[in-house]
Amino acid sequence: MRIKDHPILSFPEGKTVEFSFEGKTFIGKEGEPIAAALHDAGIRVLRHSPRHNRPRGFFCAIGNCSSCLMVVNGEPNVKVCVTPLRQGMKVEYQKGKGDINAAD
Amino acid sequence: MMKNSAEVVIIGGGVVGCAIAYNLAKMGCQDVVVLEKEYLTAGATGRCGAGIRQQWGTEMNCKLSKASMDTFEVLNEMLGYPEDIELKQDGYLILAYEEKEIEQFKKNIALQNSLGIESRLIDPGEARKIVPHLNTEGLLGAAFCGRDGHANPFHVTQAYAEAAKRMGVEIYTYTECRDIEREGDRITAVVTDRGKIKTEKVVNAAGGYSDLIGAMVGLDLPVYSERHQIMVTEPVNPLQGPMVISFYHHFYCQQVPHGAFIMGQGDPNEPKGHNIGHSWQFLQELSGKITGTFPALKKLRVVRQWSGLYNITPDSQPILCEAPEVPGFYMAIGFSGHGFMIAPMTGVVMAELILGKDLSMPVHKLDLGRFDRGELVLEPSVV
């Protein structure tokens, strides 16, 4: 779902880009929050809580709540609600609190 | 209602004050009050880097920290603590970048081994095996003790405080010591902002503010306070086992069980005083050092910074004694940045000292008089 007409906000149309989520290819608008593109693609679960493994969805939308931490291009703990979408991004679910690769 | 008299009044609700209170009560002295001007752990305890190591360069620091580690290992059970002090024993890795550091580490390790502390010198390759994300460029070697590690200072203090309270100790938070009254050379009462408590025995466990408490009984104590800044990152899955420290770079860095990295540094140009503000310069400087030594940590975001006070003595060893000029005024001060890790044993010996019992560990070398006598044994291993 994508809101095109809003009484207050306007949404400039970015160019269409491809990105992957969990290995599957999706399309979104360049520069929109990654979370918006995922929402449009029907993805409702963005994370699982580290302690009880409960599903977490789009919540605060302003980069505060940790509900949408995902792995983007190999980097853990990316707040997808405030991170702009770019062509070719690799978006994945994060396991637990996220892994830092010691070799990087 | 606050008590109006007590056998012992302890000033300071940090881990040291609470550990002394617990041990006093356990040894039969339950008429004890702890005064804390803010909340428990509000001072250095709750602001520290939360490492516990036995790798020290003086006999007393080694003995106190080893006995304290023995206690940390059984603390949950000993204090009947229903939660967990989050003890982690993945070691302390102390990096050496200069030949003279290697020489010092060899001396320290010989001393530590003679006291039963299982530390050893390792080469950069082995250091890299223990910490896979360590940049070993310029590294000559490292000292390592696998039994060192981490505990949660908030839980440890809470565990001591709850156990003390169960035995009758009264803990008054948000209660500030304003003055100590005397008649002749005897202490008669402690004046707080909530009233007066008659007592003949006072314990100065005020950490970074111990000089102010000393001044209340006319003592000009040989301690000063110095701000040390610290920061914490977002949590990630376990990556780094040991606490890694460097005296050359003046930093320490560990990953706590929760997953966050806690790191800080000593600034050789830091002025003396009670300032606990913090700066963006610190963030920039320490981030540079840490990501140089651990490149993988570049991906971590910093979530918070703060600072706390080291209470420093001329030899970086604590002062544990009764003031000769002021009978009944006891001191557990001047921990020089390592009070948390030796608090369990400090609590035991201070309680024994206050109650006139035989000491389970002789600490007479840590008296106030050593500074006048010039009998200083300098601790070389402080960040």
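Take region B:163-179 and flag every residue that is assigned to a strand (DSSP E or B) and either within 25 Å of the chain's Cα centre (by Cα) or at positive phi (or both).
From region B:163-179, those assigned to a strand (DSSP E or B) are B:170-172, B:177-179; that's our starting set.
Within region B:163-179, B:170, B:171, B:172, B:177, B:178 qualify.
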Exercise. When you scan region A:12-104 for strands (runs of 3 or more DSSP E) that lie fully inside it, which ones turn up with 1 or more residues that are within 13 Å of chain B (Cβ to nearest Cβ)?
Worked result: A:69-72, A:75-79
Seminar exercise, completed: Counting only helices (runs of 4 or more DSSP H) wholly inside region B:21-92, the ones holding at least 2 residues that are farther than 26 Å from residue B:367 by Cβ and not hydroxyl-bearing (Ser, Thr, Tyr) are B:44-47, B:75-78
Exercise. Between residues in region B:320-349 that are over 21 Å from residue B:154 (Cβ atoms) and residues that are among the acidic types (Asp, Glu) and not in a loop (DSSP other than H, G, I, E, B), which pairs lie under 9 Å by C-beta distance while being six or more apart or on different chains?
Worked result: B:328/B:322; B:329/B:322; B:330/B:322; B:331/B:322; B:333/B:211
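Residue-wise test of (1) at pLDDT 95 or above; (2) in a helix (DSSP H, G or I); (3) over 19 Å from residue B:29 (Cα atoms); (4) not β-branched (Val, Ile, Thr).
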| position | (1), (2), (3), (4) |
| --- | --- |
| B:321 | yes, no, no, yes |
| B:325 | no, no, yes, yes |
| B:336 | yes, no, yes, yes |
| B:348 | yes, yes, no, no |
| B:376 | no, no, yes, yes |
| B:379 | no, no, yes, yes |
Seminar exercise, completed: residue A:82 vs (1) within 17 Å of residue A:19 (Cα to Cα); (2) over 10 Å from the mean Cα position of the chain (by Cα); (3) in contact (Cβ under 8 Å) with a residue 24 or more places away in the chain: all pass except (2)
For this session: Among the residues of region A:6-26, write down those that are closer than 19 Å to residue A:61 by Cβ and exposed (fewer than 10 other Cβ atoms within 10 Å of the Cβ).
Result: A:6, A:7, A:8, A:9, A:10, A:12
Exercise. Can you tell me which residue in region B:228-242 is nearest to the other protein chains (Cβ to nearest Cβ), limited to those that are buried (at least 23 other Cβ atoms within 10 Å of the Cβ) and closer than 17 Å to residue B:146 by Cβ?
Worked result: B:240
Exercise. Any residue at all in region B:107-126 that is out of contact with any helix residue (DSSP H, G or I) (no Cβ under 9 Å at 6 or more places or on another chain), buried (at least 22 other Cβ atoms within 10 Å of the Cβ) and farther than 19 Å from residue B:380 by Cβ?
Worked result: no
Problem set entry | Residue tally, condition out of contact with any Gly (no Cβ under 7 Å at 6 or more places or on another chain), farther than 17 Å from residue A:67 by Cβ and surrounded by fewer than 19 Cβ atoms within 10 Å (Cβ to Cβ), over region A:27-55 | 3
Problem set entry | Subset of region B:127-144 that is of a type in the set (A, V, I, L, M, F, W, C) and within 13 Å of chain A (Cβ to nearest Cβ) - its residue that is farthest from residue B:249 (Cα to Cα) | B:130
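Output the residue which, of all residues in region B:133-158 that are over 26 Å from the mean Cα position of the chain (by Cα) and in contact (Cβ under 8 Å) with a residue 60 or more places away in the chain, is nearest to residue B:93 (Cα to Cα).
B:134
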Exercise. Looking at B:46, B:12, B:51, which one is in contact (Cβ under 8 Å) with a residue 40 or more places away in the chain and surrounded by fewer than 22 Cβ atoms within 10 Å (Cβ to Cβ)?
Worked result: B:46
For this session: Note down all Cβ pairs under 8 Å where the first residue falls in region A:42-63 and is farther than 19 Å from residue A:22 by Cβ, the second is polar (S, T, N, Q), and they're at least six residues apart or on different chains.
Result: A:59/A:67; A:60/A:67
Exercise. Among the numbered criteria (1) touching an Asp or Glu at 6+ places or on another chain (Cβ under 9 Å); (2) buried (at least 16 other Cβ atoms within 10 Å of the Cβ); (3) acidic (Asp, Glu); (4) farther than 30 Å from residue B:292 by Cβ, which single criterion is violated by residue B:162?
Worked result: (1)
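Only one of B:80, B:138, B:116, B:57 is outside the structural domain of residue B:165 (by TED's automatic domain parsing) and touching an Asp or Glu at 6+ places or on another chain (Cβ under 6 Å); which? Let's see the steps before the verdict.
On the way: B:80 fails: touching an Asp or Glu at 6+ places or on another chain (Cβ under 6 Å); B:138 fails: touching an Asp or Glu at 6+ places or on another chain (Cβ under 6 Å); B:116 fails: touching an Asp or Glu at 6+ places or on another chain (Cβ under 6 Å).
Within the list B:80, B:138, B:116, B:57, the selection yields B:57.
Out of the residues in region B:277-303 meeting the condition of being in contact (Cβ under 8 Å) with a residue 60 or more places away in the chain and either more than 14 Å from chain A (Cβ to nearest Cβ) or outside any strand (DSSP E or B) (or both), tell me which one is surrounded by the fewest Cβ atoms within 10 Å (Cβ to Cβ). Outline the logic, then answer.
So in region B:277-303, the residues in contact (Cβ under 8 Å) with a residue 60 or more places away in the chain come out as B:292-297, B:300-303.
Subset that is either more than 14 Å from chain A (Cβ to nearest Cβ) or outside any strand (DSSP E or B) (or both): B:292-297, B:300-301.
Values: B:292: 14, B:293: 22, B:294: 22, B:295: 15, B:296: 19, B:297: 23, B:300: 25, B:301: 10.
Selected residue: B:301.
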Problem set entry | Filter result (over 22 Å from residue B:249 (Cβ atoms) and polar (S, T, N, Q)) within region B:294-314 | B:311, B:313
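The values are calculated or read from the model by the stated rules, or taken from the named source; none is laboratory data. Predicted model, so just to flag it, every value in this text is computed and none were measured. When we count neighbours, we look across all protein chains shown, and the Cβ atoms used for this are built from the backbone with ideal geometry, even at glycine.
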